[in-house]
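Colleague: Handing you a structure now.
The values are calculated or read from the model by the stated rules, or taken from the named source; none is laboratory data. Since this is a predicted model, take the numbers as computed values, not measurements. All Cβ positions, glycine included, derive from the backbone under ideal geometry; neighbour counts span all protein chains shown.
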Amino acid sequence: MARLPLTALQVFEVAASKRSFAAAADALHVTASAVTRQIRSLEERLGYALFDRSGGTIRLTNRGAGLLPDIQRGFTELRHAIDAARHVAASRRLSVTMLGSFLQRWLLPRLASFQKLHSGIDLRFSTSPKLPTLPRPILTPGYDSEQAAGRICVRLRSLMNGLCPCAVRNM
């Protein structure tokens with residue numbers, strides 16, 4: 001399967017929305033000739049012109065205008081997929097703040113069993129010289145992160161048997 005010309009497609013989308021190769025070049029932080037080369041390579045790959053170039057102006061051809069909404073939809077889907085992947089990674093991170101002595105003497109020796117049960121959780125510990133004062137976990141709303149973090153908080157608290165208040169925050 002041939003690779004998609006993502007750079008050329010992005011250049012096409014920007015040039016079409018700006019209606020100018022020079023404005024697209026400024027927006028993309030490249031030269032106008034780089035934009036022209038990307039558009040030409042995409043046109044060669046497709047086998048038809050995307051823009052009418054005349055008198056220093058450009059305008060989409062009928063085929064270019066027909067292609068643009070599909071390209072925009074595709075990039076929107078890619079952005080959503082990247083955002084979702086970023087959110088999933090962030091929802092797997094759990095930060096816990098506690099007394100340093102509690103972490104060192106009680107939790108660290110028991111941590112291996114917790115990690116076996118929850119290997120997909122990225123645990124982060126920080127210590128404080130004072131007892132944390134959060135009355136409940138601070139959870140980021142969203143894709144199952146609240147539910148998952150809530151289960152982990154319950155598991156951590158049961159693991160600690162209520163011996164030490166800790167602040168649990170889903171990052």
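Colleague: Out of segment 79-97, which residues are polar (S, T, N, Q) and modelled with pLDDT of 80 or more?
Modeller: Scanning segment 79-97 gives a single hit, THR97.
Colleague: Restricting to segment 17-58, name every residue that is out of contact with any Lys or Arg (no Cβ under 8 Å at 6 or more places or on another chain) and of a type in the set (Phe, Trp, Tyr).
Modeller: Listed by number, the list holds a single entry, PHE21.
Colleague: Considering THR31, THR61, which residue is at pLDDT 90 or above and exposed (fewer than 14 other Cβ atoms within 10 Å of the Cβ)?
Modeller: THR31
Colleague: Here's another thing I want to ask about it. Is one or more of the residues making up segment 159-169 assigned to a helix (DSSP H, G or I) and modelled with pLDDT under 80?
Modeller: yes
Colleague: Okay, next question. Spot the failing condition for GLY100; the list is (1) surrounded by fewer than 12 Cβ atoms within 10 Å (Cβ to Cβ); (2) at pLDDT 75 or above, and only one is missed.
Modeller: (1)
Colleague: Still on this structure, please answer the following. Need a quick list: strands (runs of 3 or more DSSP E) entirely within segment 9-115 having at least 1 residues that are within 30 Å of LYS130 (Cβ to Cβ) and touching a residue at least 60 places away in the same chain (Cβ under 8 Å).
Modeller: In segment 9-115, 93-99 are the strands (runs of 3 or more DSSP E) which contain 1 or more residues that are within 30 Å of LYS130 (Cβ to Cβ) and touching a residue at least 60 places away in the same chain (Cβ under 8 Å).
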